[in-house]
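Visitor: To start, I am sharing the structure in question, which I have written as structure tokens.
The values are calculated or read from the model by the stated rules, or taken from the named source; none is laboratory data. These figures come from a predicted structure and were not determined experimentally. Reconstructed Cβ throughout: ideal geometry from the backbone, glycine too, with neighbour counts over all protein chains shown.
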Amino acid sequence: MKQDLYVPVEQAKQAALAVLLHNARGPFHGLPRTAGSGYPEPYTRDLMISAFGILASGNEELIDALRRTLEALATNQTKRGHIPSLAHDPQDVGASDTTPLFLVGLALYRQYTGEKRFLDEAAGKALTWMDYQSPDDSIMVAQQPTSDWRDEQWVLGYGLFVNTLVYLYLRLYGREKQALALRKMMNRFDILAGNRHDHAHEGLVVPHKPYYALWAYKVLNDERFDLLGNSLAILSGVAAPCRANNMISWAEAECDAMREKGLLAVDLPPCLFPYIQPGQADWRPRYQHFNMPGDYHNGGIWPFICGFYVAAIVATGRFRLAEERLAALTDLVKPAHETDVEWGFNEWIRAQDGTPRGRDWQTWSAAMYLYAAACVQQRKTLFIEHIRPAPGAVQECGDGKDGIQRKE
């Protein structure tokens, strides 16, 4: 790491650790807070995503808090295996991403501690629950709108983010045959309206683009770029190495173009682009109040997602670019919105002007900063380096121009 980057990164890491320690015990059964400013509840998805950074920190108090969260989730798991959205509340159910995130978080914790059978019964029930989440009894799972981390955005049917989580836990739990089947499905072409055949199953590959579609279901789809889902596709090995590299190049070029047009004010990508505009087919009236272009889930910049993006760049071996984006993330996590603190670790930032708009001292913003920094400093993606390349992966993408994988 460059010397001029070392000092600010170390300062940010210490600040992130302080945020996590502050949030390690909250008012609900002593479980961690989701944010220091607001959100005192232990939200499952935030805390499971934070496992990456908590384990990277090596801090025993935080690792104990993660263990307590996993135990609470196992205690409050439904009888069929579903994991609730709040770790302390067995009645708060219905999310599409909490169960796969629990499986990922548990696998990472087991790997770190060496407790290979920790919460084995809960893991088995969760795996069984996920086996039943495919509407056509295949390995790809489907979801209802607003049921994943985007509670103000429609993702319908086979979503990229949730299926990358499924692929990730299948690899982490050694279910290689299922993982390979899912990877093959995801790397099929998306099916456009009017072109579907009865024998075809939709995939998530976008024609002539190196990235995966946000979601697809039969003749419906959304081919916008989902930064979180595509970053996880790179990190997990769903994307072949050349596709992963092409994807990073494409995203960087698109962000340059957005900055030239005044649509992006920082050196990191929005969570979704192009933004959904009023009057477009997938615009929802509610977006007028909660999800304007460049805001929140409609292209807001989320530090926790940018942490995954930095790690994804590391996975492609582009270490200089990873350092540059870590420097940008270090700047991004500093401003606060609600409190007078030196480091805000805010929830999300408005794309067009770079101002923080969410709650300060977010657990997953601080945790994923730690993970991104560790990946850059160690030049590897901690805990998941071993799962790439995927089974059956190829190293080439045909002519190399469009990022399309030609064969398995």
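Visitor: In the range 326-353, which residues are surrounded by fewer than 24 Cβ atoms within 10 Å (Cβ to Cβ), touching a Leu at 6+ places or on another chain (Cβ under 8 Å) and not in a helix (DSSP H, G or I)?
Guide: Q352, the sole residue that qualifies.
Visitor: How many of the residues making up the range 239-263 are outside any helix (DSSP H, G or I), within 25 Å of T355 (Cα to Cα) and not charged (D, E, K, R)? Walk me through how you get there before you give the answer.
Guide: Within the range 239-263, the subset outside any helix (DSSP H, G or I) is 239-240, 261-263.
With within 25 Å of T355 (Cα to Cα) added as a condition, the list becomes 261-263.
Filter again for not charged (D, E, K, R), leaving 262-263.
Looking only at that region, the number is 2.
Visitor: Just name the residue that is surrounded by the fewest Cβ atoms within 10 Å (Cβ to Cβ) out of those in the range 2-50 that are touching a residue at least 40 places away in the same chain (Cβ under 8 Å) and on the phi > 0 side of the Ramachandran plot.
Guide: H29
Visitor: While we're here: Can we say W149 is part of a loop (DSSP other than H, G, I, E, B), aromatic (F, W, Y) and within 15 Å of M48 (Cβ to Cβ)?
Guide: Judged against the criteria, W149 is a match.
Visitor: Scan the range 234-263 for residues that are under 23 Å from R318 (Cα atoms) and of a type in the set (A, V, I, L, M) and jot them down. Please lay out each step first, then the result.
Guide: Step one: filter the range 234-263 for residues under 23 Å from R318 (Cα atoms), giving 234-259.
Those that are under 23 Å from R318 (Cα atoms) and of a type in the set (A, V, I, L, M): I234, L235, V238, A239, A240, A244, M247, I248, A251, A253, A257, M258.
Visitor: Which of the residues that make up the range 337-353 are under 18 Å from K13 (Cβ atoms) and in contact (Cβ under 8 Å) with a residue 60 or more places away in the chain?
Guide: E342, W343, F345, listed by residue number.
Visitor: Looking at the range 74-92, can you tell me whether even one residue there is without any contact (Cβ under 8 Å) to a residue 40 or more places away in the chain and at positive phi?
Guide: No; the residues of the range 74-92 include none that is without any contact (Cβ under 8 Å) to a residue 40 or more places away in the chain and at positive phi.
Visitor: Cβ-Cβ under 6 Å, sequence separation 6+ or interchain: first residue in the range 179-199 and at pLDDT 65 or above and buried (at least 16 other Cβ atoms within 10 Å of the Cβ), partner part of a loop (DSSP other than H, G, I, E, B) and of a type in the set (S, T, N, Q). Which pairs?
Guide: What qualifies is N187/Q405.
Visitor: Moving on to the next point. Got a sec? Which helices (runs of 4 or more DSSP H) wholly within the range 1-114 have at least 1 residues that are farther than 17 Å from M368 by Cβ and of a type in the set (A, V, I, L, M)?
Guide: The qualifying helices (runs of 4 or more DSSP H) are 3-23, 60-75, 98-113.
Visitor: OK, next. List pairs: first residue in the range 295-321 and closer than 12 Å to V376 by Cβ and surrounded by fewer than 24 Cβ atoms within 10 Å (Cβ to Cβ), second residue among the hydrophobic types (A, V, I, L, M, F, W, C) and at pLDDT 95 or above anywhere in the structure, Cβ distance under 9 angstrom, at least six positions apart or on different chains.
Guide: From the range 295-321, the pairs are R318/I248; F319/I313; F319/V376; L321/I248; L321/I313.
Visitor: Would you check if K177 is on the phi > 0 side of the Ramachandran plot and more than 16 Å from the chain's Cα centre (by Cα)? Spell out the reasoning first.
Guide: Numbers: on the phi > 0 side of the Ramachandran plot: no; more than 16 Å from the chain's Cα centre (by Cα): yes.
It is false that K177 is on the phi > 0 side of the Ramachandran plot and more than 16 Å from the chain's Cα centre (by Cα).
Visitor: Here's a follow-up. Inside the range 354-382, can you point out the residues that are surrounded by fewer than 21 Cβ atoms within 10 Å (Cβ to Cβ) and either of a type outside the set (S, T, Y) or under 20 Å from P8 (Cβ atoms) (or both)?
Guide: Of everything in the range 354-382, those that are surrounded by fewer than 21 Cβ atoms within 10 Å (Cβ to Cβ) and either of a type outside the set (S, T, Y) or under 20 Å from P8 (Cβ atoms) (or both) turn out to be G354, R357, Q377, Q378, R379, K380, L382.
Visitor: A follow-up question, please. Return the residue satisfying two criteria in turn: it lies in the range 269-294 and is among the hydrophobic types (A, V, I, L, M, F, W, C) and assigned to a loop (DSSP other than H, G, I, E, B), and of such residues it is surrounded by the most Cβ atoms within 10 Å (Cβ to Cβ).
Guide: Out of the qualifying residues, it is C271.
Visitor: When you look at V266, is it assigned to a loop (DSSP other than H, G, I, E, B), closer than 26 Å to L101 by Cα and among the β-branched types (V, I, T), yes or no? First the steps, then the outcome.
Guide: Working: assigned to a loop (DSSP other than H, G, I, E, B): yes; closer than 26 Å to L101 by Cα: no; among the β-branched types (V, I, T): yes.
Considered against the rule, which asks whether it is assigned to a loop (DSSP other than H, G, I, E, B), closer than 26 Å to L101 by Cα and among the β-branched types (V, I, T), V266 comes out as no.
Visitor: On to the next question. Confirm whether K407 is in a loop (DSSP other than H, G, I, E, B), surrounded by fewer than 19 Cβ atoms within 10 Å (Cβ to Cβ), modelled with pLDDT of 95 or more and on the phi < 0 side of the Ramachandran plot.
Guide: When the stated conditions are applied, K407 does not pass them.
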